[in-house]
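First comes the structure, then the notes that go with it.
The values are calculated or read from the model by the stated rules, or taken from the named source; none is laboratory data. Just so you know, these numbers come straight off a predicted model, no measurement behind them. Because the Cβ atoms are built from the backbone with ideal geometry, glycine has one as well, and the counts that use them run over all protein chains shown. Accessible surface areas use protein heavy atoms only, side chains included; no ligands, DNA or RNA. Shrake-Rupley method; radii C 1.70, N 1.55, O 1.52, S 1.80 Å.
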Amino acid sequence: MGTIGIIGYMIFTKMANAYSRPWSLFSGSLLCVCGLTVAVTSTNITAYTSGILLVELGKNGLFIVTSVIVADSSDLIWRAFYIWCLHCTIGLWFSLSLWFESRMNHWSNDVSENW
């Protein structure tokens, strides 16, 4: 974990304690969406880097807030299992994104051949 991860952890743990956990989850999701929007629509490396920075900040915020929610709502025996399940979803989303990408490439090839 780099500097961005540590900064994200500090910001989102303070936000989760000072405001509320749903507000922190919403803020993390909003940062991820805005960062992806900036990264996808970027025309230079500076905009792309700032978009990825926002995505990483939001992703780390989402992970720490969900870890806090798991810690608040589970006992110590099951806590490690639930947090492990949260980590496993990262691989699931990565594999699903590869599947969606292949489907979209197949669809775009079909459309371009028809035109």
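Descriptive notes on the structure:
- Hits in the range 1-28 (condition: aromatic (Phe, Trp, Tyr) and open to solvent by less than 80 Å² (accessible area, probe 1.4 Å)): Tyr9, Phe12
- Scanning the range 29-59 for residues that are surrounded by fewer than 14 Cβ atoms within 10 Å (Cβ to Cβ) and touching a Lys or Arg at 6+ places or on another chain (Cβ under 9 Å) yields a count of 0.
- For the range 33-57, a residue qualifies if it is under 14 Å from Ile11 (Cβ atoms) and of a type in the set (A, V, I, L, M, F, W, C), and the qualifying residues are Leu53, Leu54, Leu57.
- Unmet criterion (only one of (1) at pLDDT 85 or above; (2) within 13 Å of the chain's Cα centre (by Cα)) for Trp78: (2)
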